[in-house]
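Structure record follows, encoded as structure tokens.
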Amino acid sequence: MKIFTGRAHAQLAMDIAVYLQVPLGNASISSFPDGETFVRINENIRGQDVFVVQPTCPPTNQNLMELLILVDAARRASAARVTAVIPFFGYARQDRKDQPRVPITAKLVANLLVAAGVDRVLTMDLHAQQLQGFFDIPVDHLYALPVLNRYLWETGLDNLVVVSPDVGGVKMASAYAQALGAGLAIAVKRRCSATEVDTLYVIGEVQGKNALIVDDLTETAGTLTSAAKILHQSGVQNIYAGVSHAVLTSCAIERLSSSGIRQLITTDSVPLSQEARGLVRVLSVAPLLGEGIRRVHRDESVSSLFELKR
């Protein structure tokens, strides 16, 4: 087994390597003056099982291209198998034609990964699970739920209701509600623009309860803060948020600071700025991804990782 990483989130790759008790692969990655990426693998990987850890988070295009070049380098170095470990899968929201003359970029990215030489993909909490069908190669889809669930049980939250911030997230919220033994509610929203969201009303009993808003991704925090506002008006005691991928912009940090959300719980699937880390509770998914890598390498079951343990 060989584990390599790009420059998107080297710390996560190092944490995975520590969990697996294997050294991180030796590769040189640099940029030419014109911005082109250069990769060189500095060790023999002929016949090896290679895993490339690289979330395609911002700067998305650069990190995606770096991943493709790393995979191509591994393939040309005669690796036996190349698995792309993508904790956060960028472009996942562009998964269908919802307007005339627009691309399905998620499918394009899947095609690019296969064309580069990826044999298998290991990812976590895709924005839309049907993305697995965009690939003609095996996709192992992990969930952050066991990691967040363990933390939430340890905090001892009671009188809890899990809130989906939109209709599309009901399945995910239902899984959290079942795992935590909590009620379920839905905040119905209307998207005004890419950065503005208006939550109209809440379906479900939330008055006098502690609310946990769960989502797979937050970028501008518009959905979370809009849902928090309507929950406050509905008589909720305390509001928490659990998000798998916190790709926080400066706009999101400002909104969260004044949102009334008591705590935002997220994972280290993407790197967070120092300013953002001061606002959130970050849980490591290195053991989850590391165990997924170990089981893929040994051809063992990955689905058993979804079992919840308290």
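The values are calculated or read from the model by the stated rules, or taken from the named source; none is laboratory data. Because the structure is a prediction, the values reported are computed rather than measured. Backbone-built Cβ (ideal geometry, glycine too); neighbour counts: all protein chains shown.
Some points to look at:
- Cβ pairs under 6 Å, 6+ apart, first in region 216-235 and under 18 Å from T267 (Cβ atoms) and assigned by TED's automatic domain parsing to the domain that holds G168, second buried (at least 20 other Cβ atoms within 10 Å of the Cβ) and small (G, A, S): D216/S244; T218/A246; A221/A252; L224/A241
- Flag if Q62 is at pLDDT 95 or above and of a type in the set (S, T, N, Q): yes
- Only one of Y151, Y143 that is surrounded by 18 or more Cβ atoms within 10 Å (Cβ to Cβ), touching a residue at least 12 places away in the same chain (Cβ under 8 Å) and not charged (D, E, K, R): Y143
- Which listed residue, of D166, D158, D119, is of a type outside the set (V, I, T), surrounded by fewer than 23 Cβ atoms within 10 Å (Cβ to Cβ) and at pLDDT 95 or above: D119
- Residues of region 45-71 that are without any contact (Cβ under 8 Å) to a residue 12 or more places away in the chain and either assigned to a loop (DSSP other than H, G, I, E, B) or buried (at least 16 other Cβ atoms within 10 Å of the Cβ) (or both): P59 alone.
- Hits in region 259-305 (condition: of a type outside the set (A, V, I, L, M), closer than 24 Å to Q11 by Cα and at pLDDT below 90): S273, Q274, E275, R277, G278
- Some residue of region 72-90 being within 22 Å of V296 (Cα to Cα), among the hydroxyl-bearing types (S, T, Y), in the same structural domain as H9 (by TED's automatic domain parsing) and not in a loop (DSSP other than H, G, I, E, B): yes
- Residues that are surrounded by fewer than 18 Cβ atoms within 10 Å (Cβ to Cβ) and closer than 19 Å to V121 by Cβ, drawn from region 1-38: M1
- Scanning region 1-51 for residues that are out of contact with any strand residue (DSSP E or B) (no Cβ under 9 Å at 6 or more places or on another chain), small (G, A, S) and within 22 Å of R75 (Cβ to Cβ) yields one hit, G47.
- In region 258-280, the residue that is farthest from the chain's Cα centre (by Cα) out of those that are under 17 Å from L212 (Cα atoms) and among the hydrophobic types (A, V, I, L, M, F, W, C) is I261.
- Residues that are in contact with a helix residue (DSSP H, G or I) (Cβ under 8 Å, 6 or more places away or on another chain) and either assigned by TED's automatic domain parsing to the domain that holds I16 or touching a residue at least 60 places away in the same chain (Cβ under 8 Å) (or both) within region 247-276 comprise I265, T267, D268, S269, P271, listed in sequence order.
- Members of region 186-217 found to be small (G, A, S), modelled with pLDDT under 95, within 23 Å of the chain's Cα centre (by Cα) and surrounded by 14 or more Cβ atoms within 10 Å (Cβ to Cβ), listed by number: A187
- Identification of strands (runs of 3 or more DSSP E) wholly contained in region 116-179 with 2 or more residues that are over 15 Å from the mean Cα position of the chain (by Cα) yields 160-164.
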